1. Counting only heavy atoms of the protein chains, get the accessible area per residue of the range 4-130 (1.4 Å probe) and round it to a whole Å² value.
2. May I ask for log10 I(q)/I(0) of the range 20-65 at q = 0.14 Å⁻¹, from a Debye sum over the Cα atoms as equal point scatterers with solvent left out?
3. Got a number for carbon plus sulfur as a percent of the range 47-135's accessible area, 1.4 Å probe?
4. Just order 104-117, 140-153, 51-64 by mean Cβ neighbour count inside 10 Å, highest at the front, would you?
5. Just check the range 115-155 against the gyration tensor rule for me: Cα atoms, a ≥ b ≥ c as the square roots of the eigenvalues, rounded for a/c under 1.5, and otherwise prolate or oblate depending on whether a/b exceeds b/c.
6. The range 30-100 to the range 221-249: how many Å between their Cα centroids?
7. Across every pair of different alpha-carbon atoms, what Kirkwood hydrodynamic radius in Å does the range 12-116 reach?
8. Over the range 77-158, what portion of Cα pair distances is larger than 17 Å, expressed as a whole percent?
Amino acid sequence: TVETRPTAFDQFPLRFSPSNRLSLVADLPRFTQTNRGQPYDDDDNPVLNTEWMSNAREQYANLIAQVVRTEGNILIGMPSYEEAAWAHDFIQTLSVDKRCLVDESTTADETEELLEGFFSDGTAILCTSLRGTITEGVDFDDDKLHTCLNIGVPLPPSDSLNKAVEKAYQQAIDSTSGREAAQRIPSTRKVRQSIGRVIRGTEEVGVRIVADQRYGSDEDVNLRNQLSPQQQREFTLIEPDEIGAAITRFWNQTQ
């Protein structure tokens, strides 16, 4: 018999004014490897021309193009560092009057240097992985961050170790599946950490976007139930083509 200690759970709502934040769900196709295709071709060239993109990648490229043209500093969280590099390369093809930086899996000192560049004078865009440290370990206070766009679900790689963890959860937990406990819940937690970077104080204002139908209309795997009750109420579905206009209206109303 395994003895367990009693535990208690409490949850505290975000006490900042709801009028200070815009929270949106872009109901686009699942951003999975099967749907999006490879971001780079066999010669390691990024797939930047929409004619060569999968239909899903093209839709996400259009979303990115809308968001990066809106006000202020923008953080884009992708499911992997490879996809973050692709987003950075794609943004370079757009006519955007902002610096665009990309985070890689590097040392703490290099990450700190990257963030200093992001926080320097003038607005900028930073592309990173949702499985990295920037989206959960950095305090973007004051006017350091205006919009956070999170694309896809940062599931861990399907290797033997993660499969073993999934199997262990399956055997140990009755309340949910092994896949849910080992992959979906931790991955959604990383997205929640990322959107939490935007609003860090009572007077701060910002835009939070999650893009993937698994946070929207997907009935098969719907991760909205992994968001907090308050987030489930606040994050509203929007037509992807209307994202840019919605963000612009928000900033016009809050200024």
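1. 55
2. For the range 20-65 at q = 0.14 Å⁻¹, log10 I(q)/I(0) is -0.39.
3. 45
4. In descending order of packing, they fall as 140-153, 51-64, 104-117.
5. prolate
6. 20
7. Over the range 12-116, the inverse of the mean reciprocal pair distance is 15.7 Å.
8. It works out to 46 percent of all Cα pairs.
The values are calculated or read from the model by the stated rules, or taken from the named source; none is laboratory data. In this text, all values refer to a predicted model and were calculated from it rather than measured experimentally. Cβ sites come from the backbone with ideal geometry, for glycine too, and all protein chains shown count toward neighbours. When the accessible area is computed, the model is the full protein with side chains, heavy atoms only, and any ligands, DNA or RNA have been set aside. Shrake-Rupley method; radii C 1.70, N 1.55, O 1.52, S 1.80 Å.
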